Amino acid sequence: MKLRDTLTVYRKELRDALRDRRTLVSMFLVPAVIMPAIFFLFGAATYQVVKTAKAQPPVVAVLGGEESPSVRAALAAQPGLVVVPAPDDWRERIADKRLRAVVEIPARFDALLASHAPAEVTIYHYEGEFKSGFAVGELRRFFGDLRERALAERLVERSLPAGFARPFEIRTENAAPPEKVGGNTFGGFIPYLLILLSFTGVIYPAIDLMAGEKERGTLETLLCSPASRIDIVMGKFLLVLTVSLTTVACSLLSMTVSLIVGGIAMVGTGRMAATLAGEQGAATLPSLDPLGVVGVVVLVLPLAVLFAAVALTISLFARTQKEAQTYLAPMVAVVILPAVAGLLPGVELNSTLALVPVLNVTLACKELVSGEWPWAHLALIFGSTCVYATAALAGCVRMFGRESVLFRT
Amino acid sequence: MIEARHLLKTFRDRKRGEVRAVDNVSFVCEPGRIYGLLGANGAGKTTTLRMLATLIAPSGGGAVVAGFDVTTHPAEVRARVGFLAASTALYGRLTARETIAYFGRLNGLDDARIAVRTAQLAEELAMEDFLDRRVDTFSTGMKQKTSIARTLVHDPEVLILDEPTLGLDVMAARGIVRFVRECRARGKTVIYSTHIMSEVEKLCDRVGIIHGGQLLAEGTLAELRQQYGEEDLEEIFVKVAGGEAIA
């Protein structure tokens, strides 16, 4: 192996890639602009939809309760609801989303309340439908307040203290440090995104550099040179790895910027600055352990090597770019599935899972961004991923030496 | 010099079993001579030339090219060979100058030598006007000139040319023919494969007719004409190859 030849091939491939619009798009534009833009637009759209839904009071109908004018009047005056008389086809209307919910008030409800007799209010709704759920929330709040008021009146009647019916309150408070909260919230998502981008980053250059060159006839031109096949394949591999790591770096940079800008937009500069400075007052805002993020990048490195070698090998095996695309497209699912499995609740890092490629890195990353450093598992994960990556690279070099594959047209 | 000795190349085919793409092919090509390898598509020309250029390894036999064995010293062979084929394309996003420099570096030339060779080749091939333009904007003729420059950048002593005029227009093909003659005049060893009879008649000092992977006839044009009693090379080829392909 001659380093000079490897670097000559690498430099040429880099120059070629930087002049290729499609490589530039997948390397810079997608991770730095398009992905954050998609997330931002999706978030903004979701926020707008919720805001619009909340601004429009849901239409609800009342069944029964003719003998209970006070509760009907109170319900009609509730500002978050538009109360209409119940039509005969109210069930169909709920299903058609023309009515969001119907509340059934039992006969003589006011009287039952006054006599302290038990009563049951039923809310009919559309399970899983957002606006119907919103209407149910408003109705539950209304009847919950009504129940509280009735209870308070009864306690007063019997000269009992307010605490008689509520002996104690239940309060919850977060005790975990913000980086752990952040790790738990985003810990799986960030490595998932990095792993996905490091793989999608290798697909186009791998296809272009192997199947594409075979198809265009430039690979044969290159093979005529005295450069050894190992030098040629290593030069190409380094370029694919460069594209993958640049994609990851751009994505990390854009995510950091988005987090800071988004955080300032959501909670204001003061609180964001306090969070970044790690002040106690900012404890409720999730943050990530920066050292953990560095750890994530270190773990993603051998994984990127593995991805680059596998993608190059598959692309080399294919006769044409189309064939390579056909082989590599399902590989995205092969990469995503273990990454998603790492996000599932209850899937925790152990010695066995530390040997499963992709899943092991996802699980370790969750720990790292939470500020946890399980060294034994980290060593196992890094070591095993390095072994897989080396084996994949050796397989790629071996495949590049096979003339039946190189001249498979 | 090229010396092929009982070259053999076999492939495994799922339907046909073992296929002998090149079967016991031997010939010698001297410096300052053009050896024409004449054959129909699929006759074994490209496989023979790829073995000589060390792109693929022989299954049997051997060859010595520019003094080095193709099996034991492939890198040394490639450093002394210029291989040009219809299937050897150029990188569209590189300029002609960058293409020449890239292959110069891969052939071990330093930057100063590359600059000298680029200037020489650009002058000889009249490439000055498009030397710094990207290849994907080139006409066929410009691409062909750039391919020739790429092939000659390291001033190889042996040229292996596999159907280099395939798909070219008349003017570009004439340019190739002129280039091959100039290489012969400079004392280079040239092997030229084609299925175009007129190119063989114009260029070749010796001709080998290959069919079904076997070298069935070999000699100068005069020797072949005398041996087969035909003036027309096409008729000689048909006689050697065993009759008309389509009745």
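The values are calculated or read from the model by the stated rules, or taken from the named source; none is laboratory data. Please read these numbers as outputs of a predicted model, since none were measured by experiment. As a convention, Cβ positions derive from the backbone with ideal geometry for all residues, glycine included, and neighbour counts pool all protein chains shown.
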Count of the range A:238-280 residues which are in contact with a Phe, Trp or Tyr (Cβ under 9 Å, 6 or more places away or on another chain), at pLDDT 80 or above and of a type outside the set (Val, Ile, Thr): 5
Given (1) at pLDDT below 95; (2) over 28 Å from B:PHE68 (Cα atoms), number of the condition B:ASP132 does not satisfy: (1)
Counted residues, the range A:12-51 - those being touching a helix residue (DSSP H, G or I) at 6+ places or on another chain (Cβ under 8 Å) and either within 14 Å of another protein chain (Cβ to nearest Cβ) or not in a helix (DSSP H, G or I) (or both): 10
Matching entry among A:GLU153, A:GLU169, A:GLU220 (being crowded, with 21+ Cβ neighbours inside 10 Å and among the charged types (D, E, K, R)): A:GLU220
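State the number of residues belonging to the range B:144-158 that are without any contact (Cβ under 8 Å) to a residue 60 or more places away in the chain and surrounded by fewer than 20 Cβ atoms within 10 Å (Cβ to Cβ).
1
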Selection from the range B:67-101 of residues that are surrounded by fewer than 18 Cβ atoms within 10 Å (Cβ to Cβ) and away from chain A (no Cβ under 11 Å): B:GLY67, B:ASP69, B:THR71, B:THR72
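Any residue in the range A:203-225 that is part of a helix (DSSP H, G or I), over 20 Å from B:ARG93 (Cα atoms) and either within 14 Å of another protein chain (Cβ to nearest Cβ) or in contact with a Phe, Trp or Tyr (Cβ under 6 Å, 6 or more places away or on another chain) (or both)?
no
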Pick from the range A:386-406, criterion over 32 Å from the mean Cα position of the chain (by Cα) and free of Cβ contacts under 8 Å to residues at least 40 places away in the same chain, ranking: farthest from the other protein chains (Cβ to nearest Cβ): A:ALA394
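Evaluate the following for B:ARG80: is it touching a Pro at 6+ places or on another chain (Cβ under 8 Å), under 20 Å from B:SER147 (Cβ atoms) and at pLDDT 95 or above?
When the stated conditions are applied, B:ARG80 passes them.
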Filtered residues of the range B:166-191 (kept if exposed (fewer than 13 other Cβ atoms within 10 Å of the Cβ) and among the hydrophobic types (A, V, I, L, M, F, W, C)): B:VAL170, B:MET171, B:ALA185
